[in-house]
Amino acid sequence: MSGRDEALADLLAHGRFLSGLSSVGVAWPPPSAAAARPDPSAETGAAATGAGDTRTDDPAVALAAIREELGDCRRCKLASGRKKIVFGQGNPRAELMFVGEAPGSEEDEQGLAFVGRAGQLLTDIIEKGMKMRRADVWIGNVLKCRPPQNRNPEPDEILSCQPFLEAQIQAIRPRVLVGLGKFAAQWLLRTAEPISRIRGRLGERDGIPVMPTYHPAYLLRNPAAKKDVWEDMKSVLGLLGRPVPGSGE
C-alpha cells in the first residue's frame, strides 16, 4: 500500500470512529451535583439573606461534582501507568477554554495541565501575546491520563474521557474554545480532517465557536508556525470582543 493509500485509509478509519462519538458514560448532572440542588421552597429565604449559593449552574460546584464523579478513574488502560489524573485547571467562569491532547511527563507528575515546555509557551501566548492572565482561562485535555511514551490517544481512551470533557465544557460554557493540535481540534469539531487543513478555520461545538490551531509542542519544533497561531489568537480575541495588542484598536 502506498503512503497516500495508507493516509487515506487512516483518515477513513478515524472518520468512522469520530462519527460514532456521542454522549456516553456519565449522567449529567452527576449525582453529587443533583444532590446539591437547592430545595425550591427554600429559594425565597436564601435569596433574601444572600446565603449559601449551591445552585448547580455555579460552574465551580459543577466542576467539583465532575471531579468527584471521575474519582480514581479506572475506565481505560491508561490508569495502570499514570501517576496523577490531570483534570484541568483555571477559572470556572472562563470565557476562553483551551483543550489539548493529553498530559505529558511534567503534567503526569504534577497533576496539572500544560506545565512543561509546551505549557510555558502556551502561557506566553496567553499572557504576552493575548494580554490575558492564564489564571482567567481554563486549560484541559482530551485525555486526563498520560499515554505511555506520549503516544497518540487511542479511540477507547478518548471515549472513556469524552463524557467528562463534555461535562466540563457544559459546566464552564466558555464563549470560545481553542483546540490545540490534531486530536483536540478533531474531537471538538467532530472531523477527521488533518490539522494542517482545519487550522484557523472557525467551527463550532454545541453552539460554542471553536478555533483549531497548532499545539504548542509543535511550535517548539516548528517556530515558523507561531505566526499562524498568532493569527488564530487574534481571531479569538475578536470573538471575545477584546482588542488585539499592538493593533492600535
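The values are calculated or read from the model by the stated rules, or taken from the named source; none is laboratory data. Treat the numbers as computed from the prediction; the structure is a model and nothing was measured. Methodologically, a virtual Cβ is constructed for each residue, glycine included, from the backbone with ideal geometry; neighbour enumeration extends over all protein chains shown.
If only residues of region 216-233 that are touching a residue at least 12 places away in the same chain (Cβ under 8 Å) and out of contact with any Phe, Trp or Tyr (no Cβ under 9 Å at 6 or more places or on another chain) are counted, the one that is nearest to ARG133 (Cα to Cα) is MET233.
Check whether at least one residue in region 101-121 is part of a helix (DSSP H, G or I), farther than 22 Å from ASP72 by Cα, at pLDDT 95 or above and basic (Lys, Arg), and report yes or no. Yes.
For region 68-83, a residue qualifies if it is surrounded by fewer than 18 Cβ atoms within 10 Å (Cβ to Cβ) and in contact with a Pro (Cβ under 8 Å, 6 or more places away or on another chain), and the qualifying residues are GLU68, GLY81.
A quick yes/no check of all residues on (1) farther than 15 Å from ILE169 by Cα; (2) modelled with pLDDT under 95; (3) β-branched (Val, Ile, Thr):
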site	(1), (2), (3)
THR191	yes, no, yes
PRO209	no, no, no
HIS215	yes, no, no
LEU219	yes, no, no
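Are any residues in region 212-249 outside any helix (DSSP H, G or I), of a type in the set (D, E, K, R) and more than 22 Å from the chain's Cα centre (by Cα), and if so, which ones? Within region 212-249, just GLU249 meets the criteria. The residue that is surrounded by the fewest Cβ atoms within 10 Å (Cβ to Cβ), counting only those in region 181-211 that are in a helix (DSSP H, G or I) and among the β-branched types (Val, Ile, Thr), is ILE195.
In region 226-242, what residues are among the aliphatic types (A, V, I, L, M) and crowded, with 17+ Cβ neighbours inside 10 Å? Hits for region 226-242 are VAL229, MET233, VAL236, LEU237.
Those helices (runs of 4 or more DSSP H) of region 27-96 in which 3 or more residues are more than 30 Å from GLU107 (Cα to Cα) and either at pLDDT 95 or above or of a type outside the set (Gly, Ala, Ser) (or both) occupy 43-49.
The residues on offer are VAL61, VAL86, VAL99, and the sole one that is buried (at least 18 other Cβ atoms within 10 Å of the Cβ) and farther than 29 Å from PRO212 by Cβ is VAL61.
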